[in-house]
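These notes concern the structure reproduced below.
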């Protein structure tokens, strides 16, 4: 018997309530029934993004929305600044290059956060820059970038700030309008507790103005056409109907929990995981700027990267390993979405046991106990029991 | 967000594979399609019961099969010996009394196992005894009774041995024919990983002979009528079709894991739980004869029984509390059915945190660590990874 635990940074576990909603018989999308659901989902997403702008719903993975953000607000030959501190920062550069943009890359050491001053310097050097492209949470390194500080820089420039919030929206407080983010993006399979298949993005007024002047070719991801349709609570192309039905339930769950509590839970689970790593003498990948979405932990010397495959295939616990330069060196423990205290307990206990299976000396319960001490903050008061 | 963990001794968690099988469109039961499934389930149950006898499938809870065992093999005024070491032993006495039988009760202290000698003495005192009624695993006290030793006594007598194996069949090796059990009973919502709604029982040849002479009234639970129907792979009354479809999958899962491994897993999880209790300085309810199905643990002084409700309603972890004389004094942690190592980890971690929430001094990770040391035995070898 191999009971399965999904603790990777996307896809994340889908709650039974959402699975059941998606298992309902499919409804047609050109109907008042679907439009009513869609309208509720739209206003829920605005609340989640903390924006008065429309949040567009795309049938694509998050990368589709990243491409849409770039192609709808640029013309070939335009300059963009890319914050590249990991796999997803790198992806911004690849998208921009694919559409003939000039890329100024701000290379950030893996596990580090970008310096807002570096963005300011690059903008001074390239005042014609159209977009600053960054991640809020760089999933590959589990580092958190300082969106608020970067937004203070871009707000005073002509450049638009485009934030990949795929592992940030619904994880931490990221108020789009208040911070002055020009485009904010997320995907369904992270904090939104859905299977992959939906992406979401919102544009500020100045981003919509840029969209009006943009010459980069696009069709499926033509955001103005989408906006025209979505204002009527429908979509330009066929929507992923079941996922929208699931989103309806998932958003309700998040609002029932209250967003402040959702953010506090992610922060607490991440802090518990870091406490466990420290108690076990394991190094963090992003010790100075850890993301609350996922915690990257270096494997101790002598423990091979195949620990991750062993835990997944033989023990039933799916973590993510490292990518590129971190391949075989780290384990990434996600706290994203439908994850609670006892998922952290399972994560740390299985990691301790996996390390022991690979010959590493572990005092069982050391990491779990350190995590529990933090997780106690999430235990409800007894008086109310 | 309250993620739910079901760790009570029935109902137990249902695996997704089984849930999906039960969610299939319903088929009609008087069809070759259902009969084919039924026939496979019948032979699977024979394998599970380790018997050449037919295992009858009843649409009832386990108590229905307990009643059937009594009413089909006795006549009013007959004497039965009841081993009463808890709530379920007591139930044997109530069923017998309801049908006008004379009951000799062997009262066993809660948490203790019956002495086989006591059964032998009672049989010598009452040689006319028709049935000896006992539990293999007494769920209310988490004690394990010595079925094999009692069967050695009854095999040499005129009395039939009736074993309530509701939290034993599929948990531990209980070979019906080899031990000489005359009637063996179980239910669907325990080791068989199904929702409640099905009961199973098998009768030895001498039990069937007794059924031929029995005068106690019965209709729904008339086992000869059931046998006549089930020999044709159908049932006397409407079967619980979806549950039978689920059973088909659940049995396959158990055989894929291999029964020896299923038993070893239950034993290991129970032993890990006992190690955790000991490390935490908590007393066991059945220290000398612990069942591998469920572990009863006394709450420490000063911690009220409402800990169980707190963990269930506010933390999401459902244990069972105590019944009758143990009410408010214990917590029962189940290892039954679809339960793995990390369920034990969750059980102990939540118990530690719950105790702390109620003001009990706990060194976090102490119990979990002790459990992990035992659970390591269940980790697959790394070489095969």
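Some points to look at:
Quick grid of which residues meet (1) under 15 Å from the mean Cα position of the chain (by Cα); (2) not in a helix (DSSP H, G or I):
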| site | (1), (2) |
| --- | --- |
| B:150 | no, no |
| B:154 | no, no |
| B:157 | no, yes |
| B:174 | yes, yes |
| B:177 | no, no |
| B:184 | yes, yes |
| B:191 | yes, yes |
| B:200 | yes, yes |
| B:210 | no, no |
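- Test: residue in region B:226-236 that is under 25 Å from the mean Cα position of the chain (by Cα) and over 27 Å from residue B:24 (Cα atoms): yes
- Boolean, residue B:332 is more than 7 Å from chain A (Cβ to nearest Cβ), part of a loop (DSSP other than H, G, I, E, B) and either farther than 18 Å from residue B:296 by Cβ or touching a strand residue (DSSP E or B) at 6+ places or on another chain (Cβ under 6 Å) (or both): no
- Matching residues, region B:207-219, being loosely packed, with under 15 Cβ neighbours inside 10 Å, touching a residue at least 40 places away in the same chain (Cβ under 8 Å) and either over 22 Å from residue B:181 (Cβ atoms) or in contact with a strand residue (DSSP E or B) (Cβ under 9 Å, 6 or more places away or on another chain) (or both): B:215, B:217
- Test result for residue B:11, in contact (Cβ under 8 Å) with a residue 60 or more places away in the chain, out of contact with any helix residue (DSSP H, G or I) (no Cβ under 6 Å at 6 or more places or on another chain), within 12 Å of another protein chain (Cβ to nearest Cβ) and closer than 30 Å to residue A:336 by Cα: no
- Verdict on residue A:95 being over 22 Å from residue A:152 (Cβ atoms) and either assigned to a loop (DSSP other than H, G, I, E, B) or within 22 Å of the chain's Cα centre (by Cα) (or both): yes
- Residues (assigned to a strand (DSSP E or B) and within 28 Å of residue A:245 (Cβ to Cβ)) located in region A:161-172: A:163, A:164, A:169, A:172
- Selection over region B:339-373 of residues that are in contact (Cβ under 8 Å) with a residue 60 or more places away in the chain and within 7 Å of another protein chain (Cβ to nearest Cβ) gives a count of 9.
- Any chance residue B:68 is touching a strand residue (DSSP E or B) at 6+ places or on another chain (Cβ under 8 Å), closer than 30 Å to residue B:210 by Cα and either assigned by TED's automatic domain parsing to the domain that holds residue B:218 or buried (at least 24 other Cβ atoms within 10 Å of the Cβ) (or both): yes
- Residue list for region A:238-274, restricted to those being within 16 Å of residue A:30 (Cα to Cα) and surrounded by fewer than 16 Cβ atoms within 10 Å (Cβ to Cβ): A:238
The values are calculated or read from the model by the stated rules, or taken from the named source; none is laboratory data. Because the structure is predicted, anything quoted here is derived from the model rather than measured. Cβ coordinates were reconstructed from backbone atoms using ideal geometry, including for glycine residues, and neighbour counts include every protein chain displayed.
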